[in-house]
Amino acid sequence: MPTVNVFSDLLFKELERTFTEEEFEELCFDFGIELEEVTCEQIMSIKNEGKLDKAKGLSERPIYRIDIPANRYDMLCLEGISMALKSYLGISPPPIFKTVGSKLEKMVVFTEVSFHLLFRLGKLDHLLWLPS
């Protein structure tokens with residue numbers, strides 16, 4: 001699962017509400033994501049570099065490290081996480097996504113490869129099976 005780092009104050013500003021760490025962890029669990037840890041730039045630098053002197057000028061603002069499911073590409077940034085959580089909390093309606101300028105496509109699948117699963121993004125309008 002990808003991990004997204006967000007400053008807690010920016011996230012709470014987007015959500016129009018503040019949470020304690022326990023409240024936010026419970027919200028994440030209920031929604032289906034995971035609050036991995038609460039850290040800051042200084043602690044992250046010390047963990048990565050192992051040197052205290054390099055971390056001196058870095059921020060101590062709390063950073064929430066949130067594990068996002070691999071199929072939720074819409075939640076890989078602060079705005080996406082806040083939009084999804086605001087919809088879940090009933091603060092705003094869910095977003096409506098529309099396709100624009102879609103065109104008719106055709107896919108031909110030969111029987112030699114028909115046993116393979118076909119994964120395709122977008123709308124599949126026609127599927128034509130040809131005997132070998």
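Computed from backbone phi, the HN-Hα couplings of segment 15-29 come to 7, 6, 6, 9, 10, 7, 4, 5, 4, 5, 4, 5, 4, 4, 4 Hz, rounded to whole numbers (Karplus: 6.51 cos²θ - 1.76 cosθ + 1.60, θ = phi - 60°; Gly and Pro given as x). As a ratio to 2.2 N^0.38 Å, the alpha-carbon radius of gyration computed for segment 3-89 takes the value 1.14. Going from the fewest other Cβ atoms within 10 Å to the most, the residues M75, M1 appear in the order M1, M75. Of the GluC sites (Glu not before Pro) found in segment 16-85, the ones in coil according to DSSP and having at most 12 other Cβ atoms within 10 Å of their Cβ are E16, E60. Computed from point charges on the beta carbon alone (+1 for Lys and Arg, -1 for Asp and Glu), the dipole magnitude for segment 3-89 about its Cα centre is near 400 Debye.
How would Y88, Y64 line up from fewest to most surrounding beta-carbon atoms within 10 angstrom?
Values: Y88 13, Y64 24.
Neighbour counts put them in this order, fewest first: Y88, Y64.
Label point of K47 set 7 angstrom out along Cα-Cβ; within segment 1-17, amide nitrogens under 17 Å from it belong to 1-8.
What is the calculated FRET efficiency for N5 to L27, with r their C-beta to C-beta distance and R₀ = 25 Å, to the nearest 0.05? Let's see the in-between values first.
Working: r = 18 Å, r/R0 = 0.70.
Rounded to the nearest 0.05, the efficiency is 0.90.
Computed from the coordinates by the stated procedures, all read-outs in this text should not be read as laboratory data. The model shown is predicted, which means the values in this text are computed figures rather than measured ones. Using ideal geometry, Cβ is built from the backbone for each residue, glycine included, and neighbour counts are taken over all protein chains shown.
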